[in-house]
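J.: Just dropping this structure here.
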Amino acid sequence: VTADPGSLLPIGAALFSFTNPDGLLVSQAGVGASLPISSGRIFVDESGAQTGIALANVSSQASTVNLVLRDASGAEVSRKSLSLLAGRHIATFIFQEFPGLPQAFTGSLTFECNQKLAAITLRQSQNRRGEPLYTTLPVVDLAAAPSSNPLIFPQIAAGDGYTTQLILINPGSQRLTGTVRFRANDGAPLTLRLNGDPTSEFAYQVSPQGTYKAELDRPSGLAVGYAVVSPDAGTTSPSGSAVFQFKSDGFPVT
């Protein structure tokens, strides 16, 4: 999207939709337009899903892309290089680039390139009919200045088939610690279930270059509210995303 001379760019988003042969809408996922960056990190989740990345080289020069795969603790698992010619685009799954990954692998993929690339993350899972369900996840710009401001997730939901995944990514080489607090609509503490235990807050710890995923549920009744991620004094905030999921009879619907 290129603005005419004298005009400003609009704010943009893309909405992916999949409709099955019966004409029924199965899945939708939205993502905002992205600015090209020279280094980024995405969350990789192969637990009941497949994570993919799309890269676009809009420059006039070929780009060499170095990919580094790390586990959730930040330890390097593998690395490789790709070449992306000027004006070219690639969309690929992580398991295609790094065969032999454990089925429930979670971690991150870092890309570094000599030309700035635009990037998005897509996570694909399936419903009980084997139809694709898509989730878009953010790409962390590793050149962005760190911040100690709290992260706010304006909506979380759990119960009656809904769960919320909170995903935290450490963009740097220092361990990040802090507290996640859940609040109801009226600002009072909101009790949800994490790893089977009821809680309205918990301490997080994200290893250097690492990732963290918390899945929030509720034994009965739907509860909604928001979450605040507050870093400990002397540390910076992680990057984060929230993913809502709805299941029916144990199978994901959306």
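The values are calculated or read from the model by the stated rules, or taken from the named source; none is laboratory data. Source: prediction; values computed, not measured. FYI the Cβ positions are ideal-geometry reconstructions off the backbone, even for glycines, and counts take in every protein chain you see. These area figures cover heavy atoms from the full protein model, side chains too; ligands, DNA and RNA do not enter into them. Shrake-Rupley method; radii C 1.70, N 1.55, O 1.52, S 1.80 Å.
J.: Express in whole angstrom the spacing between the alpha-carbon centres of segment 99-137 and segment 25-61.
T.: One Cα centre to the other: 7 Å.
J.: In nm, give the distance between the simple-model label positions of residue 61 and residue 149, each being 7 Å from the Cα along the Cα-to-Cβ direction.
T.: 3.3 nm
J.: So how far apart, in nm, are the two label points at residue 114 and residue 24 if each is 7 Å from Cα heading toward Cβ?
T.: That separation, rounded to one decimal, is 5.1 nm.
J.: Now, a different point. Which residue, 229, 68, 206, tops the fluctuation ranking in a GNM of the chain built on C-alpha contacts under 10 Å?
T.: Ranking 229, 68, 206 by mean-square fluctuation puts 68 first.
J.: Further question: Quick one, can you get me the convex hull of the C-alpha atoms of segment 163-217 expressed as volume per residue in Å³?
T.: 79 Å³
J.: Then there is this: Out of 203, 33, 145, any idea which swings most in a Gaussian network model of the chain, alpha carbons joined below 10 Å?
T.: 145
J.: Tabulate in residue order the Karplus-calculated ³J(HN,Hα) for segment 248-253, using 6.51 cos²θ - 1.76 cosθ + 1.60 with θ = phi - 60°, rounded to whole Hz; enter x for Gly and Pro.
T.: Once rounded to whole Hz, the list reads 10, 6, x, 10, x, 9.
J.: Another question, if that's okay. Can you pull the percent of segment 112-254's accessible area that's carbon plus sulfur, 1.4 Å probe, other chains left in place?
T.: Carbon and sulfur atoms account for 47 percent of the accessible area of segment 112-254.
J.: Mind jotting down a quarter of the surface of the convex hull over the alpha carbons of segment 1-105, in square nanometres, one decimal?
T.: 9.7 nm²
J.: Would you calculate, for the chain, the mean residue ellipticity at 222 nm contributed by helices, counting each DSSP H stretch of 4 or more residues as -39,500 (n - 2.57) and dividing by all residues, to the nearest 500?
T.: That comes out to 0 deg cm²/dmol.
J.: For the chain, with every protein chain kept in place, what is the accessible area per residue (1.4 Å probe, Å²)?
T.: 52 Å²
J.: Restricting to Cα atoms and excluding each atom paired with itself, what does the Kirkwood estimate give for segment 75-170 in Å? Could you put the intermediate results ahead of the total?
T.: Working: mean 1/r = 0.0589 Å⁻¹.
Computed over segment 75-170, the radius equals 17.0 Å.
J.: Taking the chain as a Gaussian network, where each spring joins two C-alpha atoms under 10 Å apart, which residue of 173, 63, 237 fluctuates the most?
T.: 173
J.: Using only the Cα atoms, work out Rg/Rh for the chain, with Rh taken as the Kirkwood radius, to two decimals.
T.: Across the chain, the Cα-based Rg/Rh ratio is 0.97.
J.: Suppose the Debye formula is applied to equal point scatterers at every Cα of segment 178-254; what is log10 I(q)/I(0) at q = 0.11, 0.21 Å⁻¹?
T.: Each listed q maps to, in turn, -0.34, -1.09.
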